[in-house]
Amino acid sequence: MDSPNDENSPKSTDIDFDELARILIGPSKRISDRIILPINIAGHQFKSKEELRVEAVFESCTFKTVTSCAVGFAFGAFMGLISASMDPQVGITPEKQTVRMIMQDFKVKTMSYGKNFAMIGAVFAAIECNIESHRGKSDWKNGTMAGGITGGLLGLRAGVKAGVIGAAGFAAFSTIIDYYMRS
């Protein structure tokens, strides 16, 4: 039998660090068998692979662009519906209007506004996300540059002068919106 003074036998003063870690930290705080970090010292919890994948999808430019397109379409359709309901040209036709004619007008305006807002939202989101990815920063300059490019592209359909005015106007609008959204 081993005597208490034998070099190979555990002494009563030896500390079992695994047992100490279980007592102080608890098994729920273990990251793996080799690493033990108390949450209050480490500062944050590590994310699982599934959480990282979901986060990567939500932060991708494709997801942001598709979401902006869908939200833009919904907002534009709502604006088109309001515009069609207040249109003074609806009652000026010489023939008698029917519910079908009015509903057709609602449909045309709703779809037109929806497509326009969807296109603006998608173009702006794609440009802003690519600028942010290129710069590696998320600040007001991204929205301003994206607004300028988007407004310029939209205005170029009517000419260079309209493109410059559109770029300046959309950049200013984007800057103001970004200022109020971030503060």
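The values are calculated or read from the model by the stated rules, or taken from the named source; none is laboratory data. Quick caveat, the model's predicted, so the values are computed rather than measured. Note that each Cβ is placed from the backbone with ideal geometry, even for glycine, and that neighbours are counted across all protein chains shown. The accessibility values were calculated without ligands, DNA or RNA, using every heavy atom of the protein model including side chains. Shrake-Rupley method; radii C 1.70, N 1.55, O 1.52, S 1.80 Å.
Laid out as a table, the results:
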item	result
Residue that is farther than 30 Å from residue 143 by Cα, open to solvent by less than 70 Å² (accessible area, probe 1.4 Å), assigned to a loop (DSSP other than H, G, I, E, B) and at pLDDT 70 or above, where the choices are 87, 14, 105	87
Which listed residue, of 29, 47, is surrounded by 10 or more Cβ atoms within 10 Å (Cβ to Cβ) and at pLDDT below 75	29
Residue count for the range 153-172, restricted to those that are over 22 Å from residue 61 (Cβ atoms) and open to solvent by 80 Å² or more (accessible area, probe 1.4 Å)	7
Residue 174 vs. criteria among the polar types (S, T, N, Q) and not in a helix (DSSP H, G or I)	no
Pair list, Cβ < 8 Å and 6+ apart or interchain, from the range 167-183 residues that are in contact (Cβ under 8 Å) with a residue 12 or more places away in the chain and within 24 Å of residue 156 (Cα to Cα) to residues that are of a type in the set (A, V, I, L, M) and open to solvent by 50 Å² or more (accessible area, probe 1.4 Å)	167/149; 171/145
Conditions (1) part of a helix (DSSP H, G or I); (2) surrounded by fewer than 20 Cβ atoms within 10 Å (Cβ to Cβ); (3) among the polar types (S, T, N, Q); number of the one not met by residue 150	(2)
Within the range 129-147, tally of residues that are among the aliphatic types (A, V, I, L, M) and either loosely packed, with under 14 Cβ neighbours inside 10 Å or under 17 Å from the mean Cα position of the chain (by Cα) (or both)	2
